[in-house]
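The values are calculated or read from the model by the stated rules, or taken from the named source; none is laboratory data. Remember, it's a predicted structure, so these values are computed and weren't measured experimentally. Cβ sites come from the backbone with ideal geometry, for glycine too, and all protein chains shown count toward neighbours. Side chains are part of the model used for accessible areas, which takes the heavy atoms of the whole protein and leaves out ligands, DNA and RNA. Shrake-Rupley method; radii C 1.70, N 1.55, O 1.52, S 1.80 Å.
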Amino acid sequence: MKNIKKCFMSFENLELEKRYQLERSQSIKKPVYTCMLCLSFICNIVAIIIRSTQRPVLSLYLNWILTLSTILQFIFVIVMRKVQFLQFGITFSSIMIGFLQLNVDQQTETKSEFYAYGNAFMQYQAVLYLISSFNHAIIQVTIHLILRILITIFQSNKIDWLLVGLGIIGGLLILIAVHQNEYRSRQNFIQNLKENQLQDVYSFIIQKPFFKISFSEGQLMFNLNTKYQIDQFPGFDQYYCDGCNIRNLMRSYIIDKKQNVESFLLSQKLQTFGQLLITFKKQTFQIKYCRVDLQQQNYLIILQEMDIQDKYKINIEKEQQKLQSFLRVNSNFRYKKLFNWGVLSIVLLNNKTIQKIDLKQVIARLINIYKKHLFPNLTIEIDCDEKNLYIYSFKNQLQIFLMQTFEIISKIQYFERKKDVFLILKRKGCDVLIKIFNINQTQFNLNFCQNFFIQRVQSLIINNIQNLDCICLEIRNHPIGSFNRQ
C-alpha cells in the first residue's frame, strides 16, 4: 500500500492514522486490555493470600507492585477514559509480565511448574503482541528478550548461548507475524473505508433508482444495504419497511423463464452482471444486476426505463389531470355541472388513494355547491358534536359517493317540496355514522341502489346501511397501517 510507511506501519495521513487507532482501540485493544487488568488483579491477590501463609507478606513485593500498577492503570485508562494512553498501558502491562520470572520460588516449585508457568506467561504476552501496534511490539519483544536473558544469567550464574540464539530467532519470528497481522488489518481498514465511500457516491454516479443487497447465510434472506429512489420500483409499498419491500419485490418480479429474481440471483455462480426483462402484474420493464463481491452474494440492482405500455399509462394519467382541470373550469350552467361531475366520477373512479379527510368539511362544501349552482332552495342542516371529524378513506371514491348521495337527496327534496333535511354526524367506534332525517326513504333507497357510481364505490366506503326511523350510512375508517392497498 502506497500510503503505509513500510518501516513502522503507520499511515502518512495523520487523521487517517488517528481514525484507525481509535477503531482498533474500541474493537479489540480496550476489551482485551480490560480483561488482562482484571485477570492480573485477581491472580496477584490470590497469590498474596496463598503465599502469605508460608512467608511474610512484605516479602511478596513483586505481587504488591503488580497489584498497585494494575489498579492505577485501570483508573487512569479505563475509568478516566484516557484512550490515547491505551497502547502505552498495554506495553507497560506486557513488560511487567516479563518480571514474573523473578517471582518463582526455586525451593518449593518443580521444574514442571516452571515450564507450565512460563508457557502461561508467554501466552498472555503473545496476545498483547498481536493487539499492539508494530512499533510497540518491537519494544515489548526487545525488552522481554533482554529480561529473560539477564534474569536467567543472574539465577544460573552462566550464559546459555543456545537460549540467547533461540530467543533472538523467536523474537524475529514474532515481529514478522505481528507485522503481517497489522499490515492485513490496515488493508482491511482501508478497504472498508473505500466500500463505505463507494456506497455514499452510488447515488451520485448512478442517476437511476437502485438498491444494493447482500445475502445473509444465517437468516437465509437478502438484506438491504444501500438504496436510492427505491419508491420508483413498480410495486413499492410505502407502508412496508424498505427491507421488506425489496424482498417482496424480488419475489414478485418474474423473468422470462417463470422464475423470480430472488431465486435467479441465488442460482448464479459465475455470471457477475447482466440485464433481465421483468414481468410484474401488467407491467414489463428491465433491470440490471451486478455482483459487487466475488466471495459473497452482494448485488447492485438498477431499474432501467419502463416500457411503452408503462409510458402510455403515464400519459393517460396526465390526460386525466388535464381533463379534470378543463371540467372544473367549464362548469357555468346547471346541465354542465351535472355532466362534468359525471365525467369526473368516471375519471376518478379507479384512482384509489387513502388520505386524511375532514368529513364534516367535505359534506358542508358539497351542500354549498349544490345550493349555489343547482338547487337554490335546498335546505340541509348538519348537526355534529366535533369541530373536525377526521377519517382516513379513499379520497376520490368518498367524494364520488357523497356527490352522488347528495344529488339524490337534493333531487328528492326539490321535486317533493319536503321540509328541511337534517344530517347528524357522530362517531361509531373508529367509523363515522351519517343519519339522514326527513327524507323519502323508499325513493332514496331506489335511487341509491340504481346509481352506477355508488354501487362501484360502496364496498370501499360503506360498512353498513340501515333504514329505521332514518337512513343510517356507516362510513368506514381506514386507519393507516390497518389495510392493504387496493
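Annotations
- Taking all protein chains together and rolling a 1.4 Å probe, Ser52 ends up with roughly 40 Å² accessible.
- Rounded to the nearest whole Hz, the Karplus-based 3J(HN,Hα) values (6.51 cos²θ - 1.76 cosθ + 1.60, θ = phi - 60°) of the stretch 388-394 follow the sequence 10, 10, 8, 9, 9, 8, 6, with x at glycine and proline.
- Area of Lys227 that stays accessible when all protein chains are in place (1.4 Å probe, Å², to 10): 110
- Multiplying the residue separation of Gln443 and Thr53 by 0.36 nm and removing their Cα-Cα distance gives an extension gain of 129.6 nm.
- Nitroxide proxy distance, nm - points 7 Å out along Cα→Cβ at Gln191 and Glu386: 5.9
- Length gained on full extension, Tyr414 to Ile159: 79.5 nm, using 0.36 nm per residue less the C-alpha separation.
- For the cross-link pairs Lys258/Lys288; Lys356/Lys387; Lys372/Lys428, the ones whose C-alpha atoms lie over 23 Å apart are Lys372/Lys428.
- Order by protection proxy (mean Cβ within 10 Å, highest first), peptides 132-142, 10-20: 132-142, 10-20
- Thr379-Asp242 FRET efficiency (beta carbon distance; Förster radius 45 Å; 0.05 resolution): 0.30
- Solvent exposure ordering (accessible area, 1.4 Å, most first) of Leu366, Leu220: Leu220, Leu366
- Among the protein heavy atoms, those of Phe154 account for about 150 Å² of accessible surface (1.4 Å probe, every chain in place).
- For the pair Lys282 and Arg365, the difference between a 0.36 nm per residue extended length and the Cα-Cα distance amounts to 26.1 nm.
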